[in-house]
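Notes to accompany the following structure.
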Amino acid sequence: MASTAPPTIDSEVDAKGLACPLPILRAKKALSAMPSGKILRVYATDPGSVRDFQAFARQTGNELISQTQAGAVWAHVLRRR
């Protein structure tokens with residue numbers, strides 16, 4: 001039976017207030033320092049970050065687990081490939 005609990009976040013990046021491509025670059029740097037299978041959450045306020053993280057996941061093979069919005073802040077959760 002699959003678990004429906006949210007994944008445990010192993011690391012977080014605060015990219016609030018940064019314009020594209022900085023949130024992606026910060027995420028890429030953080031992911032490169034993490035072991036495979038670990039979970040990264042990136043906070044961003046750039047509305048373009050939604051599609052940027054979708055494209056980033058497709059291009060890099062990292063899994064985009066979720067994208068949620070709370071006010072002006074998006075939380076992008078990725079699993080390291």
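Would a scan of the range 6-13 turn up a residue that is at positive phi and not basic (Lys, Arg)? No, the range 6-13 contains no residue that is at positive phi and not basic (Lys, Arg). Flag: Thr68 does not match the condition of being of a type in the set (Ser, Thr, Tyr) and surrounded by 14 or more Cβ atoms within 10 Å (Cβ to Cβ).
Of the residues making up the range 1-27, those that are farther than 19 Å from Val73 by Cα and surrounded by 12 or more Cβ atoms within 10 Å (Cβ to Cβ) are Pro7, Asp10. Considering only residues of the range 26-76 that are among the acidic types (Asp, Glu) and not in a helix (DSSP H, G or I), which is nearest to Thr8 (Cα to Cα)? Ranking the qualifying residues of the range 26-76, first place goes to Glu63.
What number of residues in the range 40-55 are surrounded by fewer than 22 Cβ atoms within 10 Å (Cβ to Cβ) and among the hydroxyl-bearing types (Ser, Thr, Tyr)? Summing the residues that are surrounded by fewer than 22 Cβ atoms within 10 Å (Cβ to Cβ) and among the hydroxyl-bearing types (Ser, Thr, Tyr) in the range 40-55 gives 2.
Of all residues in the range 9-28, those satisfying the criterion of being touching a strand residue (DSSP E or B) at 6+ places or on another chain (Cβ under 8 Å) and either among the charged types (D, E, K, R) or modelled with pLDDT under 95 (or both) are Asp10, Glu12, Asp14, Lys16, Arg26.
The values are calculated or read from the model by the stated rules, or taken from the named source; none is laboratory data. Bear in mind that the values here come from a model prediction, so they are computed numbers and not experimental data. Don't worry about glycine lacking a Cβ; one is built from the backbone with ideal geometry, like all the others, and counts go over all protein chains shown.
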